[in-house]
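> Mind looking over this structure? Questions follow.
Throughout, read-outs are computed from the coordinates displayed, never taken from laboratory work. Predicted, not measured: the structure shown is a model, and the values here were computed from it. Counting neighbours? That spans all protein chains shown, and the Cβs are built from the backbone with ideal geometry, glycine included.
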Amino acid sequence: MKKTALTLAYDTELYAARHLIHAGDLDQAFKKLETAHVLGQRHVLRHVQTHWFMLKIGYQRNSAREMSGQLLRIMLGAIGSCIGIVPTGNTGGTNVGIFKRMPIAAELQKLLR
């Protein structure tokens, strides 16, 4: 099955984030996950997967706020993706309101069309 440009972009961001997590560069990994979140939030598995890795970073940072926020986002994100209601452009971290819509970078807008 041929992957779409959107799927390839999501996979690239997620792969980079996983590599950066393994290397211990959690700040850069989280940035990659934020991009992956914007790209994948309309798809249940991708959306949940992104929050799962954000949760792992919260655990590595020993951040109870990030971990509890990501657990909530995993549940609500799965439901939101299933019914097609997601806050577009939201980057998925606990530093952003869970329902806040955000502007989407031009290069990502092209992929989301």
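> Calculated from the structure, Cα extents along the principal axes in Å equals which of (i) 43, 27, 27; (ii) 37, 29, 26; (iii) 39, 35, 28?
The value matching this structure is (ii).
> OK, next. Grab the Cα-Cα distance for Ser63 and Val44, subtract it from 0.36 nm times how many residues apart they are, and report the gain in nm with one decimal.
Here the answer is 4.3 nm.
> Could you list, in their original order, any pairs among Lys3/Lys100; Lys3/Lys110; Lys56/Lys100; Lys31/Lys100; Lys3/Lys56 whose Cα atoms are separated by more than 20 Å?
Lys3/Lys100; Lys56/Lys100; Lys3/Lys56
> Next question. Taking 8 Å as the Cα distance limit and 6 or more residues as the minimum spacing, I'd like the relative contact order of the stretch 5-112 as a percentage.
24 percent.
> Pick out which of Gln28, Gln41, Gln49 has the largest mean-square fluctuation in a Gaussian network model of the chain, springs linking Cα atoms closer than 10 Å.
Gln28
> Then there is this: Which one of Gly24, Gly89, Gly80 has the biggest mean-square fluctuation once the chain is modelled by GNM with Cα springs under 10 Å?
So, out of Gly24, Gly89, Gly80, the one fluctuating most is Gly24.
> Could you give the size of the charge dipole of the stretch 5-112 about its Cα centre, using +1 on the Cβ of each K and R and -1 on the Cβ of each D and E, expressed in debye and rounded to the nearest 20?
Dipole magnitude for the stretch 5-112 comes out near 220 debye.
> Let me ask something additional. List, in order, the whole-Hz ³J(HN,Hα) value for each residue of the stretch 78-91 obtained from phi through the Karplus relation with A = 6.51, B = -1.76, C = 1.60 and θ = phi - 60°; use x for Gly and Pro.
4, 5, x, 5, 4, 9, x, 10, 9, x, 3, x, 4, 8
> A further question on this structure: Using only helices, what value at 222 nm comes out for the chain when you add -39,500 (n - 2.57) per DSSP H run of length 4 or more and divide by the total residues, to the nearest 500 deg cm²/dmol?
Value at 222 nm, helices only, nearest 500: -23000 deg cm²/dmol.
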